[in-house]
Amino acid sequence: MIERTASELLAAFHRGDTTAEAITQVHLQAIRERDPSLRAFLLVDEASALEQARAVDAKKQRGEPLGTLAGLPVALKDIVCTKGQRTTCGSKILKNFVPPYDAHVVTKLRQADAVLIGKTNMDEFAMGSSTENSAYQITRNPWDRERIPGGSSGGSAAAVAASMAPLALGSDTGGSIRQPASLCGVVGIKPSYGRVSRFGLVAYGSSLDQVGPFARTTRDAAILLSAIAGHDRRDSTCVDQPVPDYLSTLDAPVRPLTIGVPREFFGEGLDAEVEKSVREALKVYESLGATIKEVSLPHSPYSVATYYLVATAEASSNLARYDGVHYGHRAKSFNGLVDLYKKSRGEGFGREVKRRIMLGTYALSSGYIDAYYLKALKVRRLIKNDFDAAFAHCDVVMGPTAPTPAFKIGEKANDPLAMYLSDIYTISANLAGIPGVSVPCGFTRSGLPIGLQILAAPFAEEKLLRVARMHEAATDWHTRRPAAG
Amino acid sequence: MSLSLDQVQWIADLARLEIAPDEQVQLAADLSAIVDYIGQLQQLDTAGVEPLAHALDLHDVFRDDEPGVSLTVEEALANAPAKNAAYYRVPAVMD
């Protein structure tokens with residue numbers, strides 16, 4: 001049962017071949033067996049999961065209408081607030097934080113009768129590309145336990161790749177869903193900015209953050225995206241636009257299909273095996289009748305620099321709330337209020353978080369704000385303009401999701417810049433607010449997953465999913481599973 | 001190095017972060033390397049380009065000023081490290 005897709009599990013549940021409780025038991029068992037060596041989960045509440053599952057079975061027994069995710073276990077990145085259940089954001093500063101409310105996406109999942117099975121590991125406050133910045137534990141890539149799963153949503157990606165949950169939610173600010181999806185061989189979607197409510201998503205970069213799904217197939221990802229997308233009055237940056245029925249059109253190929261391939265995505269630093277697999281994926285699209293066009297996103301080489309000004313500036317503001325007063329870690333000894341702040345924050349935050357807060361503070365400081373933050377906002381406009389120009393004559397833009405397959409634990413941990421460059425292809429989509437998906441498109445000779453990234457215009461998730469499905473229907477990369485090890 | 005130890009200390013003060021002495025040198029080096037990398041943005045001519053702070057062209061997303069259900073005082077204070085019945089407790093701010 002573990003290897004089945006969410007869609008198959010849903011069908012079996014509705015047919016009466018299995019129960020929500022049985023589905024949850026089987027996944028809890030998988031977590032017990034596999035997570036000790038993977039450490040994808042920070043918290044698993046077995047009793048709560050079984051209680052939720054039994055409640056869904058009881059609803060079905062009573063003949064009540066059931067939600068779209070009925071009986072499906074969903075893992076949640078620990079950056080999403082769950083009422084009454086510890087939420088740490090992978091940080092020691094929130095070690096004992098218990099949210100007093102559910103995030104909007106959590107409310108939507110509960111309404112959909114999903115079974116919330118646990119909270120997953122992540123880079124602290126979503127700052128990282130390997131999940132090594134978690135203050136708690138290192139998550140291992142299910143395809144090679146000496147390697148990272150990617151980040152910052154590494155726990156969620158690993159949980160789905162190792163079939164400990166059929167579905168998971170992550171968050172993506174610079175690639176934190178797509179890059180781990182690529183490195184773990186699963187499907188990961190970053191929705192358009194404003195498509196999914198950020199209420200209850202602990203903020204890192206408020207103009208960049210989005211919650212999105214992890215799954216093993218495009219259909220499964222579409223089911224989860226449909227469940228969480230849509231307007232929420234509590235997030236003023238969430239758009240009030242109807243959500244299309246992604247499932248009803250998913251299997252309809254896009255014809256004619258013009259694919260833009262940016263030359264900047266195939267330059268220096270791209271691993272040869274990754275390039276080979278991605279080019280083979282493009283050939284698959286050509287065989288399906290698509291036209292491939294070389295395009296240019298001339299400002300994309302500046303996207304990492306731009307991001308590390310915009311995101312860190314926003315983070316320096318967002319993380320100012322962790323002050324030892326309202327919640328979270330408070331220093332034991334201090335000399336006055338300001339010292340309380342400095343010590344609580346100094347003790348509670350990890351290295352990368354402090355680096356980014358300081359970078360952002362510097363970028364916004366008097367005397368530097370014009371040269372750094374405001375300059376970055378102008379380059380951000382140019383990056384967005386590049387995409388607008390590409391989408392004027394292309395349906396989608398494609399390239400590798402990540403420049404390399406999963407790297408070894410510790411390999412980039414001491415070189416922040418090298419780590420930042422893992423997001424080189426994903427970051428510009430957050431700056432421009434456009435949707436993107438990573439789908440499995442191959443493996444290296446040593447068996448490491450490779451991802452194809454597909455990007456589309458704002459609110460074009462329907463087209464994005466249909467295009468992704470075309471490749472999936474013509475290949476079987478998505479059916480491979482890591483050894484249970 | 002682009003950032004001196006003094007500058008790093010000044011930024012840390014602004015950010016209300018206490019940095020341990022043995023962390024300061026590495027932090028200065030890391031931040032300098034990143035600031036140098038970011039310096040490449042100066043190569044771009046952005047004269048006349050409007051800054052883009054936000055992907056969506058949203059303005060004044062307000063709701064009616066009507067009271068609604070919110071957290072109780074107890075819920076709001078539940079995670080506070082130091083509190084009394086109604087307030088967060090902090091060291092005296094004024095002499």
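The values are calculated or read from the model by the stated rules, or taken from the named source; none is laboratory data. The shown structure was predicted, so the numbers you read here are calculated from the model rather than taken from an experiment. Backbone-built Cβ (ideal geometry, glycine too); neighbour counts: all protein chains shown. Areas reflect the complete protein model, heavy atoms only, side chains present, ligands, DNA and RNA absent. Shrake-Rupley method; radii C 1.70, N 1.55, O 1.52, S 1.80 Å.
For this structure, a couple of remarks:
- Among the residues making up region B:30-78, those that are of a type in the set (Asp, Glu) and under 22 Å from residue A:240 (Cβ atoms) are B:57, B:60, B:64, B:65, B:66.
- Tally, over region A:96-123, of residues that are open to solvent by 10 Å² or more (accessible area, probe 1.4 Å) and touching a Phe, Trp or Tyr at 6+ places or on another chain (Cβ under 8 Å): 2
- Residue under evaluation residue A:46, criteria (1) open to solvent by less than 20 Å² (accessible area, probe 1.4 Å); (2) in contact with a Leu (Cβ under 6 Å, 6 or more places away or on another chain), criterion not met: (1)
- Qualifying helices (runs of 4 or more DSSP H) (wholly inside region A:150-259; at least 2 residues being buried (at least 24 other Cβ atoms within 10 Å of the Cβ), among the polar types (S, T, N, Q) and modelled with pLDDT of 95 or more): A:178-184
- Matching residues in region A:289-322 - criterion: being assigned to a loop (DSSP other than H, G, I, E, B) and either among the acidic types (Asp, Glu) or farther than 17 Å from residue A:356 by Cβ (or both): A:289, A:290, A:296, A:297, A:298, A:299
- From the list A:327, A:308, the one residue that fits, being open to solvent by 10 Å² or more (accessible area, probe 1.4 Å), in contact (Cβ under 8 Å) with a residue 12 or more places away in the chain and either of a type outside the set (D, E, K, R) or more than 22 Å from residue A:198 (Cβ to Cβ) (or both), is A:327.
- Among the residues of region A:94-112, the ones that are within 11 Å of another protein chain (Cβ to nearest Cβ) and in a helix (DSSP H, G or I) come to 1 in all.
- The selection criterion, being more than 7 Å from every other protein chain (Cβ to nearest Cβ) and in contact with a Gly (Cβ under 6 Å, 6 or more places away or on another chain), holds for residue A:295.
- Considering region A:340-350, the residues that are in a helix (DSSP H, G or I) and open to solvent by less than 30 Å² (accessible area, probe 1.4 Å) include one that is farthest from the other protein chains (Cβ to nearest Cβ), namely A:348.
- Residue A:167 being under 17 Å from the mean Cα position of the chain (by Cα) and away from every other protein chain (no Cβ under 14 Å): yes
- Qualifying positions in region A:374-398 - within 12 Å of chain B (Cβ to nearest Cβ) and over 18 Å from residue A:433 (Cβ atoms): A:374, A:375
- With respect to the conditions (1) away from chain B (no Cβ under 14 Å); (2) buried (at least 20 other Cβ atoms within 10 Å of the Cβ); (3) within 20 Å of the chain's Cα centre (by Cα), residue A:470 falls short on a single one, namely (3).
- Candidates A:290, A:272, A:315, filtered to the one that is loosely packed, with under 14 Cβ neighbours inside 10 Å and more than 10 Å from chain B (Cβ to nearest Cβ): A:272
- Close pairs (6 angstrom Cβ cut-off, 6 or more residues apart or separate chains): within 21 Å of residue A:432 (Cβ to Cβ) in region A:311-322, assigned to a helix (DSSP H, G or I) and open to solvent by 10 Å² or more (accessible area, probe 1.4 Å) anywhere: A:313/A:364; A:313/A:373
- The residues listed here are A:417, A:359, A:421, A:364; of these, the one that is farther than 21 Å from residue A:178 by Cβ and open to solvent by 10 Å² or more (accessible area, probe 1.4 Å) is A:364.
- Residue in region A:394-409 that is free of Cβ contacts under 8 Å to residues at least 60 places away in the same chain and either in contact with a helix residue (DSSP H, G or I) (Cβ under 8 Å, 6 or more places away or on another chain) or buried (at least 19 other Cβ atoms within 10 Å of the Cβ) (or both) present: no
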